[in-house]
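> Below is the structure I would like to discuss, written out as structure tokens.
Just so it is clear, none of the values below were taken in a lab; they were calculated from the coordinates. Only a predicted model underlies this, so the values are computations on that prediction, with no experimental measurement involved. As a convention, Cβ positions derive from the backbone with ideal geometry for all residues, glycine included, and neighbour counts pool all protein chains shown.
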Amino acid sequence: MGGDAQSTCIKTMTKFIPINDALKALAAAGHEVSKPGRKQDRVSGFGGPHYLVDGEWLSLSSVRAMVSDLGLEKNTKTAADKPRREIDELADAIAQNEFCQRKQLSVCPFGYRKLNGQVVYTVHWVNKEGEKKTCTKTVAWIRDYCKRNGVI
């Protein structure tokens with residue numbers, strides 16, 4: 001592989017940009033953009049999805065390359081940038097608290113939505129008789145429990 005081919009290969013590799021965002025960004029930058037229907041795309045004889053930009057058919061990677069050349073990449077948040085959810089903080093506080101450790105109390109930070117739309121989280125603990133118990137509670141209930149028992 002020659003130096004020219006390798007440099008063009010690296011040049012065409014772009015950061016992932018959702019195509020709808022890329023087309024909107026190009027349209028906002030003053031380009032004439034249209035997204036063909038599936039049937040029209042097949043009729044035009046191209047192998048994959050192609051988009052009409054300024055009267056010229058471009059492939060998905062070419063559209064993304066144009067957007068990256070304009071510097072309009074979408075900034076994606078990494079896990080470190082995202083704020084922590086309240087349930088994650090409560091679950092960590094419960095796991096580190098002595099009172100909760102004696103009761104072997106734990107909260108699963110992954111909730112689910114009940115049929116009435118309420119989001120609940122699973123709470124596990126061991127009662128005085130040594131039986132494992134499980135129930136589901138809302139974030140509000142878990143927060144109130146933590147405040148009542150001095151966890152937070």
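> Which order do the peptides 128-140, 85-97 take when ranked by the mean count of other beta-carbon atoms within 10 Å per residue, highest first?
Working: 128-140: 10.8, 85-97: 15.4.
My ranking of the peptides, most packed first, is 85-97, 128-140.
> Extension gain residue 93-residue 128, at 0.36 nm per residue separation less the Cα-Cα distance, in nm?
Length difference between fully extended and current span is 10.4 nm.
> If you don't mind, another one. Provide the net charge surrounding residue 140, with neighbours chosen by a C-beta distance below 12 Å and charges set as Lys +1, Arg +1, Asp -1, Glu -1.
Around residue 140, the charge tally is +1.
> In nanometres, what is the gap between the two model label sites at residue 140 and residue 114, each 7 Å from Cα along Cα-to-Cβ?
The two pseudo-label positions are separated by 1.2 nm.
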